[in-house]
Structures are given as structure tokens and as C-alpha cells.
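The values are calculated or read from the model by the stated rules, or taken from the named source; none is laboratory data. All figures in this text were calculated on a predicted structure; none of them were measured in a lab. Ideal geometry is used to build each Cβ from the backbone, glycine not excepted, and the neighbour counts take in all protein chains shown.
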Amino acid sequence: MSLTCTDATNPGRPRKILERGSEGSKALDSLEAELFDGHAAEREPPVYEIGSAYQGLEGVDMVAAALARGEPYAMAFVDMRMPPGLDGVQTVAKLWAIDPEVQIVICTAYSDYSWEEILRRLGANDRLLVLKKPFDNAEVCQLACALTEKWHLARHAHLKLAQLRSMVDEHVKDLEQTNKRLEESEARYARAAAGANDGLWDWDIKANLVHYSTRWKWMIGFEEH
């Protein structure tokens with residue numbers, strides 16, 4: 001799992017939480033135990049590959065470089081205020097212009113943009129969440145775990161879809177080649193039948209249809225129709 005933290009007002013806060021990991025995992029285990037009557041599922045804590053940037057453009061460059069290496073980031077924690085330079089909404093727009101699949105969590109304690117304004121500028125989708133400050137460790141760990149898992153599932157689904165499309169394209173290609181061979185065979189048969197002196201006929205017993213060749217009709221003394 002990969003993740004980038006872009007946070008100037010509180011540098012590295014999500015990164016520190018996720019690098020520690022154990023505290024957030026314990027908090028999640030405790031919450032899960034309460035929800036499931038003391039029976040929390042045993043699991044290994046997630047391990048993240050984390051990069052940090054202190055300005056929006058720096059984070060955008062990191063995402064572009066990771067994508068070029070074939071190691072795209074799964075998600076980004078983006079602070080709303082990162083003076084000087086791009087704000088959070090501007091940064092997210094540039095991130096999605098480079099990698100539309102990256103999951104985004106906007107961290108903010110201010111109301112520089114209303115939710116309606118954010119949706120108007122970025123569009124409504126399931127890749128954007130807002131995390132209000134102050135937030136606790138469990139919230140950060142839960143979002144990181146859920147969104148990176150969602151990102152991996154989406155990539156797996158896209159891969160499977162690409163494989164299915166490739167199989168369908170190959171099948172269609174095979175059918176086209178088979179139809180072409182059939183058409184060529186029928187054309188050769190038609191030329192052979194036209195050049196023969198025999199009177200050919202064909203009776204489809206199930207459909208009760210009989211086809212008579214032109215030569216057969218001529219031999220019997222019938223006109224074409």
C-alpha cells in the first residue's frame with residue numbers, strides 16, 4: 001500500500017500515525033471488539049509505503065513520478081491550507097489530472113470551501129473524503145486501511161475487466177475469421193455449382209423447403225421463377 005501526506009499546518013501528522021501503526025491498530029481492535037461483542041478478528045496490522053510533501057506542487061510531482069515508475073500511490077492525505085502555493089482543492093484537481101484513481105482525504109479545520117463548492121469544483125465521486133481536524137489516530141488508520149483496500153480492489157477489478165475484454169476481442173476475431181472462411185467456401189461452392197452440368201437440388205426436410213439450381217430447372221424445362 002502506498003500513500004502520500006501533504007500537510008503544512010501540521011506537518012507529518014498522518015504519516016506519524018501510520019508509521020507508528022500499533023496505537024491506531026489497537027484502537028481499531030478495541031472498537032471492533034465492542035461492535036462484535038468482544039470477538040475482534042485477528043489480523044496483521046497494515047504496512048504502508050509513505051511519502052511526504054509540504055506543498056501541493058511537491059505532492060503532485062511525487063504522484064507523477066510514482067506513476068511513471070509504475071508504482072502509483074493508493075491515496076493521499078491533503079491539507080486544505082498549504083501556504084504558499086496551491087490549496088487543497090487545487091492540489092486534488094492536479095492530482096486527479098495525473099492519476100484519476102488515487103483516493104483522496106482532505107484534512108481541514110477551516111471552511112475555506114463549502115462542501116457544495118468542493119463538489120462543484122472536483123465533481124461528485126467516491127474517491128474523495130473530508131477529515132475534520134482535530135482527528136484521532138483511529139480515524140486516520142481506518143481511512144488509510146479502507147481506502148487503500150478499495151484502491152487495490154478497484155485495480156484488481158480493472159485488470160479482470162481488461163482480461164475479459166481481451167478474451168472477447170480474441171473470440172470476436174476468431175468468429176470473424178471463421179465467417180470469412182465460410183463465405184469463401186460458399187463462394188467456391190457457388191462457382192463450382194454454376195460451372196457444373198449437373199442439375200443440383202437441396203431439400204431441407206425439417207423446414208420442408210426445396211432449392212433447385214438454375215441448371216436443374218433448365219433440364220426439366222422450367223423457367224427460373
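Is it true that VAL172 is in contact with a Pro (Cβ under 9 Å, 6 or more places away or on another chain) and either assigned to a helix (DSSP H, G or I) or under 30 Å from ALA109 (Cβ atoms) (or both)?
No.
Okay, residues lined up against (1) surrounded by 10 or more Cβ atoms within 10 Å (Cβ to Cβ); (2) out of contact with any Asp or Glu (no Cβ under 7 Å at 6 or more places or on another chain); (3) at pLDDT below 90:
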residue: LEU147; (1), (2), (3): yes, yes, yes
residue: ALA154; (1), (2), (3): yes, no, yes
residue: ARG165; (1), (2), (3): yes, yes, no
residue: HIS171; (1), (2), (3): yes, yes, no
residue: GLN177; (1), (2), (3): yes, yes, no
residue: ALA194; (1), (2), (3): yes, yes, yes
residue: TRP203; (1), (2), (3): yes, yes, no
residue: ASN208; (1), (2), (3): no, yes, no
residue: TRP218; (1), (2), (3): yes, yes, yes
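Report whether or not THR108 is surrounded by 18 or more Cβ atoms within 10 Å (Cβ to Cβ), polar (S, T, N, Q) and at pLDDT 85 or above.
For THR108, the condition - surrounded by 18 or more Cβ atoms within 10 Å (Cβ to Cβ), polar (S, T, N, Q) and at pLDDT 85 or above - is not met.
Of everything in segment 48-79 that's surrounded by 23 or more Cβ atoms within 10 Å (Cβ to Cβ) and not small (Gly, Ala, Ser), which residue is farthest from PRO100 (Cα to Cα)?
Looking at residues that are surrounded by 23 or more Cβ atoms within 10 Å (Cβ to Cβ) and not small (Gly, Ala, Ser), I get ASP79.
Between a residue in segment 178-196 that is small (Gly, Ala, Ser) and any residue that is surrounded by 10 or more Cβ atoms within 10 Å (Cβ to Cβ), which pairs come within a Cβ distance under 9 Å, given they are 6 or more apart or on different chains?
Correct list of pairs: ALA193/LEU200; ALA193/SER213; ALA193/ARG215; ALA194/SER213; ALA194/THR214; ALA194/ARG215; ALA196/SER213; ALA196/ARG215.
Test MET75 against the stated conditions and say whether it is more than 20 Å from LYS150 (Cβ to Cβ) and at pLDDT 80 or above.
Criteria not met by MET75.
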